[in-house]
1. Could you tell me how many of the residues in region B:97-114 are more than 8 Å from chain A (Cβ to nearest Cβ), of a type outside the set (Lys, Arg) and not in a loop (DSSP other than H, G, I, E, B)?
2. When you look at residue A:657, is it away from chain B (no Cβ under 14 Å), surrounded by 15 or more Cβ atoms within 10 Å (Cβ to Cβ), touching a helix residue (DSSP H, G or I) at 6+ places or on another chain (Cβ under 7 Å) and among the hydroxyl-bearing types (Ser, Thr, Tyr), yes or no?
3. Going by the structure shown, is residue A:228 farther than 17 Å from residue A:162 by Cβ and not hydrophobic (A, V, I, L, M, F, W, C)?
4. Would you mention how many residues in region B:178-199 are among the small types (Gly, Ala, Ser) and assigned to a helix (DSSP H, G or I)?
5. Out of all the residues in region A:223-238, which are assigned to a helix (DSSP H, G or I) and surrounded by fewer than 20 Cβ atoms within 10 Å (Cβ to Cβ)?
6. Given the residues A:388, A:332, which is the only one that is in contact (Cβ under 8 Å) with a residue 24 or more places away in the chain, out of contact with any Ser or Thr (no Cβ under 8 Å at 6 or more places or on another chain), crowded, with 16+ Cβ neighbours inside 10 Å and of a type in the set (Ser, Thr, Tyr)?
7. Would you be able to tell me the number of residues in region B:76-101 that are within 16 Å of residue B:45 (Cβ to Cβ) and of a type outside the set (Lys, Arg)?
8. Go through A:250, A:264 for me and flag whichever is over 26 Å from residue A:155 (Cα atoms) and among the polar types (S, T, N, Q).
Amino acid sequence: MNENLRRMRNIGISAHIDSGKTTLTERILYYCKKIHRIHEVKGKDGGGATMDYMELERERGITITSATTNVTWNEHSINIIDTPGHVDFTIEVERSLRVLDGAILVLCSVGGVQSQTLTVDKQLKRYNVPAIAFVNKLDRIGANPFKVKDQINDKLGRRAALLQVPIGLEDRFQGLVDLVRMKAYYFDGPNGEVVREEEIPPELEDPAWQYREELLDAVSLFSDELTEAILENRVTREMLLRAIRKGTINREFTPVLMGSAYRNKGVQLLLDAVVNYLPDPSEVENIALDLDREEKPVVLKADPTLPCVAYAFKLEEGPYGQLTYIRIYQGSLRKGEELYNTRSKQKFKVGRVVRMHADHMEDIEETGSGDIAALFGVNCASGDTICSPGLNYAMTSIYVPEPVISLAIEASNKLSADRLAKALNRFIREDPTFRVYIDPESKQTIIQGMGELHLDVYVERMKREYRVEVVTGRPQVAYREAITVRADFDYTHKKQTGGAGQFGRVIGYLEPFDGQYEFVNEVRGGHIPREFIPSCDKGFQAMLKKGQLIGSPIIGLRVVLTDGQFHPVDSSDIAFQMAAQGAFKQAYRKARPQILEPIMKVVVETPSEFSGNVFGSLNQRRGIIVSSIEDGSYSRIEAEVPLSEMFGYSTVLRSMTQGQAEFTMEFLKYSRLPAALAEQLMEEHRQKLEAGDKK
Amino acid sequence: MVKKILSARSPIKTLEKNLRGGFGPGHLGVFASRKGVGKTACLVQIALDRLFEEKPVIHVSYASRVDYIISWYEELFKNLASRENLKSEMEVHDRVVRNRVILNFRQEGMKTEQVLKSIDALLGPGNFAARTIIVDGFNFYLPCAEDLARFKQFATKRQLEFWFSCSLKGEDPLFDHLGLPFVLKDYLPSLDIIITLEHDNGRVRLNLVKDHDQISSKKLRLKLDPQTLLLTRI
């Protein structure tokens, strides 16, 4: 096998916000000699962590966009993709996960498995990404890596075992006992760069052997060789390494490492674990769809001699133009080579190829299978597949959730207006969950996204990166309309105004439907000629865009066309479209339509002492409290709350819990809006229409 | 309205009619049996009975995962809806969900004081007007006379009814000559109702062994259907 490939890792660092992910990344860069000074997150020393490279992120102390960087450890080339932790930026995480071969799941040794850990864990599972866990912040008061390991088993449903035990905890945390090597490790020097190996302290001998037993127990499942060796008491380090590696790559086992990135302890051992236990690109199966063969799945081979297949997973606008981050799945890619974008069906020439290190970049001539690099001056959107000419593959499309919230924005002056268009154009290419449209009635520019924070961040980016001053409206919820009962229609469209007339009659019914929309043709005996059936469908579909209650899109509708009538001369495509539209108008109100609102699954993590207030705040917001799980001093409250009630909740929650609680939310379902609120919305809609008429 | 009809037909009402002085605020009841006989099914049906009447319920669990508890409710709701030929099933289901909160205590040895504090938080600041509390997985094999006295006091103060499950374990005999589980004998002052479940000719029968101040083994005319796990009259 290709030695370069065997020595390559593509990893992500996934974590709950504030579990120290950025600090950890920073330390990794430092120990791999990519940076020569350690900065702290939130720019205490004015520098700001290297991976957290956007100004906005620096200010908020969080990572929003995923930067990738390449480091070398023990003669292995590791590409690190820094993934954002907040659920509002899910698409960023998901796109990154698509190109990872493995991940480090960072957990806080005090907070343990928190709501976002669950979300991130679910994402890792969805994309079949093998992971190792790193329990960070062992120097904090209340640190308990043993509890966190149990939570990984219980809450995340993983089979996890400790690979290390701590020497001291909290302010007495000194080093780690490695249960594979059965040695103690200390991290000396001003920045912990000198790793000192010692014998295990006598007081930790017994617990270390006990936890090693647990580890052997857990991983012996993956190796007969190891099982036999355990019985004969001749376990070697290599055997144990192989079993842990196999279990991890098969995603049946999660090794748990630990340390304190902030105190410079344990990071080098974590890097060893990345090399030892996470897969190289050839150990992960990747599938593309052959667009020339009805999207037949094709297994890609990480072989540099085969034609190239690469996936553009991220775009960024740098000072020198658009930078496209790509992962190469098959073949290799050279500067000056011609490639083909299978979505836009355009050929292009590879200009500059660079390897990224957060804000700095390094020009390279060529890159091969499994690697991650960035291209300059390529015109493409994120999610595009790039192939050698002759291939027409698409990497499986990633799951893109529908946006649930919208906001009207307006540039405050003419100069800003031009820049605004440029910024929006860029953002929609970067992020498929961010959408933009012009409301035909109000002529306002509407942006749509996954949550309040998601849109906030883009408004901020407009200001900072494009110097666009925007005025925003109130966030609007994406309501839907749906019918509740069957209603019949029988409508004739007839028009005679000299010249060719129009005639079409449609008979049938509307009924509620589980999916979005379905059209069923049951017309027999040619009462409507076959060529006009699609016209009817088109006519009905045109009506779905705007319901009659509040002008929201209609979902959950089946139209069944049972009969009709035509005229040999006057019937036409347009006549039947008009007939369908008339029929829809006739039947819609009879089908008792109702307004649906998006319901979010909200998870609040709070110290238990505040749970009563949190319950109250959710109740007040028309929320249904599904459950509350109490684990020691923390409660995890899960609720279903209408999105329209969640605006500004983060501020409310913060002040209610002295900043100690946090929440995540994601779209769950559409549900009926209570009558009183529906009435209010309809009234507002009527007034808006009347105002429009007067204009 | 649908729920009223459903509730009136409920075997739970039959059960309550059989109790001297009924069951209500300030009372503690227990279903006791070995594991896997049907205690949780009985508890969930009591909860559903209240939920059908739009009375909020708090379900406290010490061990089970939340999704596991929810699946109990879903399963029994589905079976009840199909047995009673329930119309507007979705609507009733929505209201059931709306009026139920599951409180799960994961940590072993969770103190009763903390559990009551959480219930209190939900009732008070949480503004959740439950009158029925279901407690599944409470360990009666640890000394708990004081804990039960606290539950009793809390039930009286807050005007709540509590239904517990008690999982019997160990070697036979588990019951005394009157049918009282040995493990519960120390706690009789706090417990108003004790019902035991036993296998009897391929079905599960319910025996009322403590009815307020009276100890007597009375076979209730109720059984658990082995297929649907629904309580039915005999």
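1. Taking region B:97-114 as the starting set, the residues that turn out to be more than 8 Å from chain A (Cβ to nearest Cβ) are B:99-100, B:108-109, B:111-113.
Remaining after also requiring of a type outside the set (Lys, Arg): B:99, B:108-109, B:112-113.
Then drop every residue that is not not in a loop (DSSP other than H, G, I, E, B), which leaves B:112-113.
Count: 2.
2. No, not satisfied.
3. Numbers: farther than 17 Å from residue A:162 by Cβ: yes; not hydrophobic (A, V, I, L, M, F, W, C): yes.
The answer is yes for residue A:228.
4. Going through region B:178-199 one residue at a time, the tally reaches 0.
5. A:224, A:225, A:227, A:228, A:229, A:230, A:231, A:237, A:238
6. Residue meeting the stated conditions: A:388.
7. So the count comes out to 12.
8. Numbers: A:250 fails: over 26 Å from residue A:155 (Cα atoms).
Sole residue among the options that is over 26 Å from residue A:155 (Cα atoms) and among the polar types (S, T, N, Q): A:264.
The values are calculated or read from the model by the stated rules, or taken from the named source; none is laboratory data. Worth saying up front: this structure is predicted, and the values here are computed from it rather than measured. Note that we place each Cβ from the backbone using ideal geometry, even for glycine, and neighbour counts take in every protein chain shown.
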